[in-house]
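Student: One structure, pasted below without further comment.
The values are calculated or read from the model by the stated rules, or taken from the named source; none is laboratory data. On a predicted model such as this, the values are computed, not experimentally measured, just so you know. Quick reminder, even Gly has a Cβ in these numbers, built from the backbone with ideal geometry, and neighbours come from all protein chains shown. Surface accessibility is based on the protein's heavy atoms, side chains included, excluding ligands, DNA and RNA. Shrake-Rupley method; radii C 1.70, N 1.55, O 1.52, S 1.80 Å.
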Amino acid sequence: MGDILNIPDKLFEKIVDAERAAVLTGAGVSAESGVPTFRGENGLWRNRRPEELASMEGFLDDPRLVWDWYDWRRSVISQIQPNPGHYALAEFDCVYDQFTLITQNVDGLHALAGARDPVELHGNIWHVRCLKEGTVRENREVPLSRIPPLCPDCNSMLRPNIVWFGEELDTDILKRAGLAAKESEVFFVVGTSSVVQPAASLAGLAQRNGAIVVEINLDRTPITESADLFLQGKSGEILPALLRMIVQARGYDDCG
Ligand code: BV8
């Protein structure tokens, strides 16, 4: 992939001249690193759908099964490195005066690639929470020595500190994401099927507040129609090419 992404001049000018930008990423950004996506062909686990496993009902019904799933995902993710798409997004911070990286991913790869303070809408697979006390702590044990893991303080069962289906997102985190969307002049939507709410509504919120929406995905999604620009292809190729084009057009970038 050369640097020639066919972007109409008018749109490219807006992308280059913007001071405030934000991005929403989904599992597709981590796909090229080897992290299985949710709704791709390998989106199942022991014939169970994520919506069943990533829910309080599913967890209370069989905490061992749900923890086995997370333990397996943690073991996969622990062997994985960020890809050029993650690294390019970390550099977007140097290109825009105000840049917010919002992710639905729980794999922690954006931070590993150097992204400053990503907004993790759905939590982080390396954080666990005590069911009784609500305390959150980091736990990077791979594999887990005990399933389900217990709280070292009160011996109650731990759960992943992740937002499951049917659970509310953290209000402060959602507020931060909403503000970034509203204030953005360019809103990138990368590697997400845009079906999970409320994350999938951020692009519309940005657009209603004057932003142009740039979608990067292998396939069309429910927001492709309304996006101002759809760049079809791998995010690990398109994002670095787009970053190079913006830096070239600007003649500089603050990352040095
Ligand atoms: C909530 C943690 C209040 C788990 C996840 C309307 C309003 C509010 C809620 C709802 C609503 N309608 C329905 C709901 C309920 C539900 C929902 O949205 N359901 C969907 C399935 C219809 N929402 C909720 O429950 C949310 N809670 O709003 O609380 C409430 C509660 C109940 C009722 C009303 C209101 C909580 C949602 C959070 C769920 N937790 N993750 C875990 O990870 O273990 S969501 C899960 O899906 C992941 O976080 C994942 O990131 C996310 C979205 O999936 P994607 O990231 O998009 O991944 P996917 O595989 O689908 O797509 C990958 C894309 O990448 C594809 O498009 C593919 O083409 C592309 N791709 C692949 N490779 C590449 C690529 N693109 C570029 N390059 C590549 N190389």
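Student: Explain nothing, just compute: Karplus ³J(HN,Hα) = 6.51 cos²θ - 1.76 cosθ + 1.60, θ = phi - 60°, for every residue of the stretch 12-20 in order, whole Hz, x for Gly and Pro.
Tutor: The phi angles translate into 4, 4, 5, 5, 6, 7, 4, 9, 10 Hz.
Student: For the Cα atoms of the chain, what angle does the longest principal axis make with the long axis of helix 171-183, in degrees from 0 to 90, nearest 10?
Tutor: Orientation of helix 171-183: about 10 degrees from the principal axis.
Student: Just how many pairs of Lys in the chain have C-alpha atoms closer than 24 Å, counting pairs that are eight or more places apart or on different chains?
Tutor: Number of lysine pairs found: 4.
Student: Can I ask one more? Considering only DSSP beta bridges with both partners in the chain, what is the antiparallel share in %, to the nearest 5?
Tutor: Close to 30 percent.
Student: Quick one: dipole size for the stretch 113-256, taken about the Cα centre, charges +1 on Lys/Arg Cβ and -1 on Asp/Glu Cβ, in debye to the nearest 20.
Tutor: 220 debye
Student: To the nearest 20 Debye, how big is the dipole of the stretch 75-176 about its Cα centre, given +1 on the beta carbon of each Lys and Arg and -1 on that of each Asp and Glu?
Tutor: Dipole about the Cα centre, nearest 20: 360 debye.
Student: While we're here: Could you please state how large a percent of the accessible area of the stretch 161-206 is carbon and sulfur, counting protein chains only and using a 1.4 Å probe?
Tutor: Its accessible area is 56 percent carbon and sulfur atoms.
Student: How much accessible area per residue does the chain have, in Å², with a 1.4 Å probe?
Tutor: 48 Å²
Student: Give, to the nearest whole percent, the P(r) tail of the stretch 142-238 beyond 18 angstrom, counting all Cα pairs.
Tutor: For the stretch 142-238, the share of Cα pairs beyond 18 Å comes to 59 percent.
Student: Same structure again: Compare the Cα positions of Phe59, Ser184, Gly166 along the charge dipole of the chain (+1 at Cβ of Lys, Arg; -1 at Cβ of Asp, Glu; about the Cα centre) and return the one farthest towards the positive end.
Tutor: It is Phe59.
Student: Roll a 1.4 angstrom probe over the protein heavy atoms and tell me the percent of accessible area of the stretch 112-157 that is carbon or sulfur.
Tutor: Result for the stretch 112-157: 46 percent of the exposed heavy-atom area is carbon or sulfur.
Student: Let me understand the chain better: what is its radius of gyration from the alpha carbons, and its Dmax, in angstrom?
Tutor: When restricted to Cα atoms, the chain yields Rg and Dmax of 18.7, 60 Å.
Student: Determine by what factor the alpha-carbon radius of gyration of the stretch 34-114 differs from 2.2 N^0.38 Å, reporting the quotient.
Tutor: The stretch 34-114 yields a ratio of 1.33.
Student: Where the only charges are on Cβ atoms (+1 Lys, Arg; -1 Asp, Glu), what is the dipole of the chain about its Cα centre, to the nearest 20 debye?
Tutor: My answer is approximately 480 debye.
Student: Using each residue's phi in the stretch 64-77, evaluate 6.51 cos²θ - 1.76 cosθ + 1.60 at θ = phi - 60° and report the 3J(HN,Hα) Karplus result to the nearest Hz, with x for Gly and Pro.
Tutor: 5, 4, 5, 5, 4, 5, 5, 4, 5, 5, 4, 5, 5, 5
Student: Another question about this same structure. Which whole-number percent gives the relative contact order of the chain, counting Cα pairs below 8 Å spaced six or more residues apart?
Tutor: 26 percent
Student: Round to the nearest 10 and report in Å² the accessible area of Glu120, as given by a 1.4 Å probe over the protein chains' heavy atoms.
Tutor: The accessible area comes out at roughly 40 Å².
Student: Tabulate in residue order the Karplus-calculated ³J(HN,Hα) for the stretch 121-130, using 6.51 cos²θ - 1.76 cosθ + 1.60 with θ = phi - 60°, rounded to whole Hz; enter x for Gly and Pro.
Tutor: Using θ = phi - 60°, the values come out as 4, 10, x, 9, 5, 9, 10, 10, 9, 6 Hz.
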